[in-house]
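J.: I am attaching a structure below and will ask some questions about it afterwards.
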Amino acid sequence: MGSVWFVKGATGPRKRLILVLAAGIVALLCLGGGGIAFVLYDQETRVDREDPDQVVSSYLRAYLVNRDDERAKLLTCDGQPATSEIATLRGDVESRERRYTMNVAFSWGSLQVQPSSDDRATVQTEVRRAVSDGSEALSDRWSFTVEDRDGWRVCSATKLP
């Protein structure tokens with residue numbers, strides 16, 4: 001039986017000690033890597049509901065930008081991805097994207113929070129949509145009602161006149 005390169009001159013107990021130390025170091029590296037991977041995964045997938053404006057921003061990113069209904073559901077009061085008005089906006093954009101083979105990007109302006117009670121607030125912002133080639137850009141003011149239900153959640157979205 002051949003010797004492992006790093007224990008080539010070692011014999012008996014010394015060889016075992018080196019192998020045990022090497023195995024221990026490898027195990028620690030694997031555990032450390034697993035721990036780091038867990039922390040990074042947790043930070044990336046955590047649903048941030050600490051502030052009314054943060055939950056609206058996260059909701060807009062999930063529902064309009066990433067079009068991730070499952071993520072959007074985590075940010076709403078009733079577990080539905082969208083209210084009818086914002087669903088109509090996204091549906092209209094998706095229809096135009098298919099019809100004209102183009103991409104539309106969403107963005108929004110600053111988020112103004114108007115508290116109405118300790119557990120309820122209104123967040124207003126300008127939601128912008130632009131064709132990726134720059135040929136067209138539109139924007140509308142939107143109002144989002146949010147409630148603190150074990151973390152802030154979007155309960156309604158209304159396009160303002």
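Rule-based calculations on the coordinates, nothing more; no lab input. Remember, it's a predicted structure, so these values are computed and weren't measured experimentally. Neighbour counts run over all protein chains shown; Cβ positions are idealised from the backbone, glycine included.
J.: Would you mind checking which residues have amide H under 5 Å from Ser156's amide H? H placed 1.01 Å from N; only 5 or more apart, or other chain.
T.: So Ser156 has HN proximity to Thr145.
J.: Report the label-to-label distance for Asp150 and Glu85 in nanometres (one decimal), using points 7 Å from each Cα along the Cα→Cβ vector.
T.: 2.9 nm
J.: Net charge around Val131, counting only other residues with Cβ within less than 11 Å of its Cβ (Lys, Arg = +1; Asp, Glu = -1)?
T.: The answer is -1.
J.: Counting Lys and Arg as +1 and Asp and Glu as -1, what is the net charge of the other residues whose Cβ lies under 12 Å from the Cβ of Trp142? Don't skip to the answer; put the middle values down first.
T.: Numbers: positive: Arg128, Arg129, Arg141, Lys159; negative: Glu85, Glu126, Asp140.
Within the 12 Å Cβ shell, the charges total +1.
J.: Let's test the formula: R0 of 30 Å, r as the Cβ-Cβ distance of Ser110 and Asp78. What FRET efficiency results, to the nearest 0.05? Please list the in-between numbers first.
T.: Numbers: r = 27 Å, r/R0 = 0.90.
About 0.65, to the nearest 0.05.
J.: Another question about this same structure. Compute the length gained on full extension between Asp118 and Ser132: take 0.36 nm times their separation in residues and subtract their Cα-Cα distance, giving the result in nm to one decimal. It would help to have the intermediate numbers written out before the result.
T.: Numbers: separation 14, 0.36 × 14 = 5.04 nm, distance 4.03 nm.
Extra length available between Asp118 and Ser132 comes to 1.0 nm.
J.: Test of understanding: ordering Glu70, Glu85, Glu126 by Cβ neighbours within 10 Å, fewest first, what list do you get?
T.: Glu70, Glu85, Glu126
J.: Given Cα pairs under 8 Å that are at least 6 residues apart, what percent is the relative contact order of the range 52-159?
T.: Computed over the range 52-159, the figure is 27 percent.
J.: Could you check which residue among Arg90, Arg14, Arg128 shows the biggest mean-square fluctuation in a GNM of the chain with a 10 Å Cα cutoff?
T.: So, out of Arg90, Arg14, Arg128, the one fluctuating most is Arg14.
J.: Taking springs between alpha-carbon atoms closer than 10 angstrom, which of Val26, Val56, Val104 fluctuates most in the Gaussian network model of the chain?
T.: Val26
J.: In addition: Of Leu60, Leu75, Leu19, which has the largest mean-square fluctuation in a 10 Å C-alpha GNM of the chain?
T.: Per the Cα network of the chain with a 10 Å cutoff, Leu19 tops the list.
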